[in-house]
């Protein structure tokens, strides 16, 4: 046994060495190329200045939104607005998503907070008992289609694109229907269709207990919600500063092409637009994107929509964003709001980790069609002069 253990350890160490070598090769090639084109000093200055500008002018702006929306969301939960909306939306759940009416709560909770809310709900026996197994698994796709929805809508509306944001919300709903239904189709026959979780009941009712005077409840909800907004605002900092800085440096050009690289914020080597340019006709047909740089938003949304939001101001400053692009960004940003991490975590919690690839495939398709739907809804409304 000891000899076998030593062989395994030796194999593990060899794999780690290969990983280190491969990482150094990729890391060196990537930044070596950027440094060769931009100059090492300019590259470092651009990275630092971009990260600093994102922190000061984007992260704190988003954090202000998360604090306000966090307080608003908690107040709506505390004083029964979410429960009222749940009752109103419940009749739509079965015909649209093939889910029990109580699943409306999952969409509302992620809309008013973030994707992790779906994980805590799925672990609640008082909630999960209303679902058959295949329905609860597909709830992963349904809930994550609305993650950070209120924050995304508030951000886009704050930039002056309220109509585009509302169209994007409609697109996100369409994407959620497609993603949820696809997931249910993919897992059909993979699990027992009539299996229910322990404690299944007949009455669909989720209750929120409140204690204290009305003023005390108002104050506690507002402060607790604002605090959760601060936590969410802090949580997006690494994604915005790291992911956005890297994506931007392979998206944008020198600030002044006649001078060349100066080490300014938001300069870079346009690798991503160059690659996206090969498919520019496809992106124009699907999303109405006239500039290949815009593909950076949905790509970044796959990991963190907060990081993707940080790019919108730069796109607006360049004059390459309008109502259509905001609609598409909103739809795809909500659908793809960090789902790469949420799907894995929730399915692991439910002990169905092997279905993660199917959930990701269904949600990828749903997010793409959410953007397509938002684009063509915008085109249709524009044709009739509504937007």
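Rundown of residues vs (1) more than 20 Å from residue 128 (Cβ to Cβ); (2) at pLDDT below 90; (3) in the same structural domain as residue 228 (by TED's automatic domain parsing), yes/no style:
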position: 30; (1), (2), (3): yes, no, no
position: 87; (1), (2), (3): no, yes, yes
position: 95; (1), (2), (3): yes, no, yes
position: 103; (1), (2), (3): no, yes, yes
position: 110; (1), (2), (3): no, yes, yes
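Report yes if some residue within region 309-318 is outside any helix (DSSP H, G or I) and in contact (Cβ under 8 Å) with a residue 12 or more places away in the chain; otherwise report no. No, region 309-318 contains no residue that is outside any helix (DSSP H, G or I) and in contact (Cβ under 8 Å) with a residue 12 or more places away in the chain. Please enumerate the residues belonging to region 334-361 that are modelled with pLDDT of 85 or more and buried (at least 24 other Cβ atoms within 10 Å of the Cβ). Hits for region 334-361 are 334, 335, 336, 359.
I'd like to know if region 142-157 contains one or more residues that are in contact (Cβ under 8 Å) with a residue 40 or more places away in the chain and more than 22 Å from residue 74 (Cα to Cα). No, that holds for no residue.
Of (1) touching a helix residue (DSSP H, G or I) at 6+ places or on another chain (Cβ under 8 Å); (2) closer than 28 Å to residue 288 by Cβ; (3) modelled with pLDDT of 85 or more, residue 160 satisfies all except one. Which? Single failed check for residue 160: (1).
Criterion applied to 268, 323, 288 was being surrounded by 15 or more Cβ atoms within 10 Å (Cβ to Cβ), farther than 30 Å from residue 377 by Cα and touching a residue at least 60 places away in the same chain (Cβ under 8 Å), and the one residue passing it is 268.
In this structure, residue 123 does not satisfy being touching a helix residue (DSSP H, G or I) at 6+ places or on another chain (Cβ under 8 Å), crowded, with 18+ Cβ neighbours inside 10 Å and modelled with pLDDT under 80.
Within region 362-387, no residue satisfies the criterion of being under 10 Å from residue 167 (Cβ atoms), buried (at least 24 other Cβ atoms within 10 Å of the Cβ) and at pLDDT below 95.
The values are calculated or read from the model by the stated rules, or taken from the named source; none is laboratory data. Every value quoted in this text rests on a predicted model; they were computed, and no experiment measured them. Cβ sites come from the backbone with ideal geometry, for glycine too, and all protein chains shown count toward neighbours.
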